[in-house]
Structures are given as C-alpha cells and as structure tokens.
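Chemist: The structure that follows is given in the form of structure tokens.
The values are calculated or read from the model by the stated rules, or taken from the named source; none is laboratory data. If you're wondering where the values come from, they're calculated on a predicted model, not measured in any experiment. Ideal geometry is used to build each Cβ from the backbone, glycine not excepted, and the neighbour counts take in all protein chains shown. All accessible areas refer to the heavy atoms of the entire protein, side chains included, with ligands and DNA or RNA removed. Shrake-Rupley method; radii C 1.70, N 1.55, O 1.52, S 1.80 Å.
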Amino acid sequence: MKKNLAFIILLVSVLFSACEDNRMEGMMDDQFYLLKNGDYILKAYRQKSLVDFEVSIYKSGMGTASGEVTFVADESVLSNYNTANGVSYKQLPADCYTIDNSTVQFNPETVSKKVKITLDVKKVESLQGIGNKQYAIPLKISTTSGISVVADKSELILIPEISGGIRPNSEKLLWSKSLTEMGISGTDHFTASFAVTSSYLFVNSRNADLKYFNKLTGEYVGTIALSFKGSLANFTIANDDKDNLLITNLRNKNDGNPYQQLIYRITGTGDPVEYINSSHIYPNGRKLSIKGDLDGDALIVSTIENSSKFLYWTVRNGQLVSQDPQVFETQPGTITWNLFGDAMPRGTDISNGFFIAGYGTLPGLGYFDNQGNMVSKYDLKNGELDPAAGFSTQALDLTTFNAATYLAVGTVEGTLYMNGRLLDVTSPQNLSLNPLDSYLLAFRLNKFGCNNNANMTGDIHVKTSGDGQTMEMYVLGTNGSIVATQFDCKSED
C-alpha cells in the first residue's frame, strides 16, 4: 500500500506540473502599445474654444507586471515622419495643447489607461488658419519599468485641422413653395432664374414684371415694373454680393452679325436702369453671374452657347471698365456645353480663376485658372450626378461663410427633378476629392419635383447674412418649386 500511495502522489505531482506548463504556453511577457497609432487628422470646429482627444494606452501579455508609461511630445518622431512621408509639418507649440496624465501607472491586472489631449482651437487657428494642416503633435510612449513597448505601435502624429463654415447638423428648412403658390406659372418654362439680396428673393419670369418675396419666409412683398420686359428681353437675373441686381436679354442667334445685348441694373427695389449696352456676335444670356459688389469691385459673367467660352465685364471702384466684354475660353478638351453652362468667378479678378459647369458635348464641373486650365475636376458620375444618366449640372453660386468657401451646385435630373448641394471649396483643389466625402460635400438637398421641366433649367443661390451668423441656400427648379435651407455657425461651447 505504501508503494501504491507513493506512486499516486508522484503521478498527481507530474500531472499538476504539466497543467502549469500548458497554462503558460504561448503567453507573452507584458508589453505596452497605442491602440491608435500612426497619423491622425484631428478636426476641430473653429467656434469651439477647446477640443479633447483621448488616446488609449494598452498593456497586453501575461498580466504579471506593473509599470509606468510616459506619453509626451518627441521632436525626433516628427522629423522621422516628415522624412518618411515627404512632408514638412512643424511641431505645434506646447502652449497650444495640454496632455492630462502624461505619466500613467499600470498594475499587473490593468489592461488600458486613457490619456486626454486638449487642443486650444483659437491658438491653432491663429497659427495655420482654416482648412490648413501645417503643424503636428508628435507623441510617443516610453517606459523605464522593464516592460517592453511595441515599437511600431508606440507613436502617434496628431495633425490638427481647424474647420470653419456651417455648424455641423445646423441645416433647417426655412420654406418650400411651388411656383404656383407664389403666384407664378408652373407650366410655361418661363421661370428659370432668381436672385437674392440681404432681404428679398426676386423671381424673374420672362415677359413679366419682377416679383419679390421675403427671403426668410417666402411671403410675397411687392413687384418691380419692367418696362423692357419680353420673352427674350428679361431672360436671366443675377445678384451681386450686396443689394444690386442685373437682368440680361437672350441673344440666341449666331449668324455672324452683331446683336445688341442689354443689361439692366436694379439697386434695392428701385427702378431698372440701363447698365450695359453692347453689340457683339456671341449668343449668350442664358446664364448670368456676378462676383463682388457693383458699387466696388466685381466681375460680371455671361456664358456663350455651344462653346467653352464666356463673356465677362470688369467693375472697379463702382465703375464699369468697358461696355464691351472680354472673352474667356477654357483649354480644349476640358469642358464644352450646348445651351447650358454657368461660370462663377472665385474673386473679383480673373487671376483668382473660375468655377465652371456645363452640360452638353463635353459636360463637367471644374475649377479653372486664369489661363483656362482645369486645375481640379468634380467627379460627376461618382457624385451621383452622371450626365450619361440624364443629369444636367448647369447652375452655380459661391459664397464665403465663417471662413469657409462654398460652391452651390444646381442640377436637373431628367425633366422631373431638381437637386442642390454645397461643396466646401475653401481650397479649390478640394473639388477633385471623393465627391461624396463629407470633407467636400457639406450638404445635399433631397431632390424635389418639377412639372415636366423639359428645358432642363434651374437656378441656385447662397447668401450670407449681414451679421455672418447664418447662411441660406435657395434652389429653383423650372416648373417646380423654390426650396430655402438655412445654416448657422453658432458656438458649440
């Protein structure tokens, strides 16, 4: 019996030892790492004062060791990153952010700890402005506790970018009314353009006097008599950045003979005054755009049919430089439209370039420099505005709101729907980004119906309020409705 008992004790001891060895098999020593590592763009809305960003430090392994981890900025990390990626970020000054708990303690059973980084939004904006990425916070974890650090998961390049523009999710429907509800025909295709000033929305119907409405409610206010009205006489209306309007006639013949283009100006709700009287051979007048202030500096643009050209007039110090327009042409093979094209200056001088959209032989939407070269192009197909599927993108407007620049794009879908969207073109090169990425696509209006808009026409405008706190986007679909959407840039703090 004693021999049997000794054998049993030995067997149990061996089995117990074997179990212990199996439990530890495959286990690693404790080690630290960052769950989020590499580079990360930290976006912060400029209306906030501070933005918090949390980083998780993890400890994996057998869970048998204690240790202390430091999480600090390291200039060598940024230097290596710049060299490896061919960039030249500068290290963000230490007074632009704080790191809470830069030293954290881990007990054997502790799996993770969070470290909070707080960004001073105003200080970063003062350094690099809006929409730029010039500075970075190069962060690294290290320890002297004997626990190893996973080398390729120990560094984080935090790149702050301050965004302006509309406050996220601030959009709200102001009003939506059919043309019939506004006392305008919804079936004759005569209403294809409108204009917006600080207080009013002016709806231009060919061969009719000019009706205007409260821009925030859509309620009728009054009518301006147009002594020159006619089917082709008051064809298109446009507004400047202040309270001035221009109305042009349509010159739709192109037989080589000069024709007269008449453009009338309206200030406020006053009487129309002849502003431009020019003879030239170009068929134009379907689209008209103004950038700037007719009482200061401005560019006036009118696209030419069946081409890749437009006419423009220059205004300096409130004076029209010449009654005769100049011609701007895009480089061959970039964009060509039939009847439907629109061009919107980026500034009051052609050196700032133009946003141009057209539907026809070679449809497209792009940003062009002052030599007519396409610098950036919007992907209409992947942006779900494919011309091959019957989308006609041919209405543009531009405004700056809360330090961001927005391009409003109006598109007719087939003959029955109108679309509108806002693109963030603070950098014109943004236009070439993923067309549905939120970085570019700031807002997308649900399509609304038109009553057989067979001419495939519409119009779009954006207007910033005088106090700079709100912005409205208005979209018109011929034989349909006008939809007004408002945005704001109120503080999020």
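Chemist: Would you kindly identify the strands (runs of 3 or more DSSP E) lying entirely within the range 262-363 that contain at least 1 residues that are open to solvent by less than 60 Å² (accessible area, probe 1.4 Å) and within 19 Å of SER392 (Cβ to Cβ)?
Modeler: Numbers: elements: 273-280, 284-292, 298-304, 309-316, 326-329, 340-345, 354-359.
So the answer is 284-292, 298-304, 309-316, 340-345, 354-359.
Chemist: Under the condition of being within 22 Å of ASP295 (Cβ to Cβ) and among the small types (Gly, Ala, Ser), which residue from the range 339-356 is farthest from the chain's Cα centre (by Cα)?
Modeler: SER351
Chemist: Considering only residues that are open to solvent by 50 Å² or more (accessible area, probe 1.4 Å) and out of contact with any Lys or Arg (no Cβ under 9 Å at 6 or more places or on another chain), look in the range 236-251 and name the one that is modelled with the lowest pLDDT.
Modeler: Restricting attention to the range 236-251, the residues satisfying the condition of being open to solvent by 50 Å² or more (accessible area, probe 1.4 Å) are 241-243.
Now drop any that are not out of contact with any Lys or Arg (no Cβ under 9 Å at 6 or more places or on another chain), which leaves 242-243.
Details: LYS242: 93, ASP243: 96.
Out of the qualifying residues, it is LYS242.
Chemist: Does GLY222 count as assigned to a loop (DSSP other than H, G, I, E, B) and of a type in the set (Gly, Ala, Ser)? Break it down into steps so the answer makes sense when it comes.
Modeler: Details: assigned to a loop (DSSP other than H, G, I, E, B): no; of a type in the set (Gly, Ala, Ser): yes.
For GLY222, the condition - assigned to a loop (DSSP other than H, G, I, E, B) and of a type in the set (Gly, Ala, Ser) - is not met.
Chemist: So, in the range 386-397, how many residues would count as being out of contact with any Pro (no Cβ under 8 Å at 6 or more places or on another chain) and without any contact (Cβ under 8 Å) to a residue 40 or more places away in the chain?
Modeler: 5
Chemist: On the basis of being closer than 19 Å to SER432 by Cα, assigned to a strand (DSSP E or B) and open to solvent by 20 Å² or more (accessible area, probe 1.4 Å), does VAL375 make the cut? Outline the logic, then answer.
Modeler: Numbers: closer than 19 Å to SER432 by Cα: yes; assigned to a strand (DSSP E or B): yes; open to solvent by 20 Å² or more (accessible area, probe 1.4 Å): yes.
So VAL375 passes the test.
Chemist: From TYR439, TYR406, grab the single residue that is among the aromatic types (Phe, Trp, Tyr), closer than 24 Å to ASN352 by Cβ and either at pLDDT below 95 or not in a strand (DSSP E or B) (or both). Break it down stepwise before answering.
Modeler: Details: TYR406 fails: either at pLDDT below 95 or not in a strand (DSSP E or B) (or both).
Criteria check complete, one pass: TYR439.
Chemist: Specify the residue that is nearest to LEU34 (Cα to Cα); the eligible residues are those in the range 106-133 that are part of a loop (DSSP other than H, G, I, E, B) and within 20 Å of the chain's Cα centre (by Cα).
Modeler: So the first thing to find is which residues in the range 106-133 are part of a loop (DSSP other than H, G, I, E, B), and the list is 107-111, 129-133.
From what's left, within 20 Å of the chain's Cα centre (by Cα): 129-133.
Working: GLY129: 30, ILE130: 29, GLY131: 28, ASN132: 26, LYS133: 23 Å.
Filtering the range 106-133 for residues that are part of a loop (DSSP other than H, G, I, E, B) and within 20 Å of the chain's Cα centre (by Cα), the one nearest to LEU34 (Cα to Cα) comes out as LYS133.
Chemist: Looking at (1) loosely packed, with under 14 Cβ neighbours inside 10 Å; (2) within 18 Å of LEU158 (Cβ to Cβ), find the lone condition where VAL77 falls short.
Modeler: (1)
Chemist: Against the definition (in a loop (DSSP other than H, G, I, E, B) and open to solvent by less than 10 Å² (accessible area, probe 1.4 Å)), how does ASN434 come out, yes or no?
Modeler: On the way: in a loop (DSSP other than H, G, I, E, B): yes; open to solvent by less than 10 Å² (accessible area, probe 1.4 Å): no.
Taking the combined requirement at face value, the residue does not satisfy it.
Chemist: Looking only at strands (runs of 3 or more DSSP E) that lie completely in the range 162-218, which have at least 1 residues being open to solvent by 60 Å² or more (accessible area, probe 1.4 Å) and of a type in the set (A, V, I, L, M)? Reasoning before the result, please.
Modeler: Values: elements: 172-178, 191-196, 200-205, 210-214.
Of the strands (runs of 3 or more DSSP E) lying wholly inside the range 162-218, those with at least 1 residues that are open to solvent by 60 Å² or more (accessible area, probe 1.4 Å) and of a type in the set (A, V, I, L, M) span 172-178.
Chemist: Something else now. Could you check the range 387-403 and list, in sequence order, the residues that are open to solvent by 10 Å² or more (accessible area, probe 1.4 Å) and small (Gly, Ala, Ser)?
Modeler: Once the filter is applied, which keeps residues that are open to solvent by 10 Å² or more (accessible area, probe 1.4 Å) and small (Gly, Ala, Ser), the range 387-403 yields ALA388, ALA389, GLY390, ALA403.
Chemist: Same structure again: Exactly one of (1) in a loop (DSSP other than H, G, I, E, B); (2) of a type in the set (Gly, Ala, Ser); (3) open to solvent by less than 10 Å² (accessible area, probe 1.4 Å) is unmet by ALA233. Its number?
Modeler: Looking at each condition in turn, ALA233 falls short on (3).
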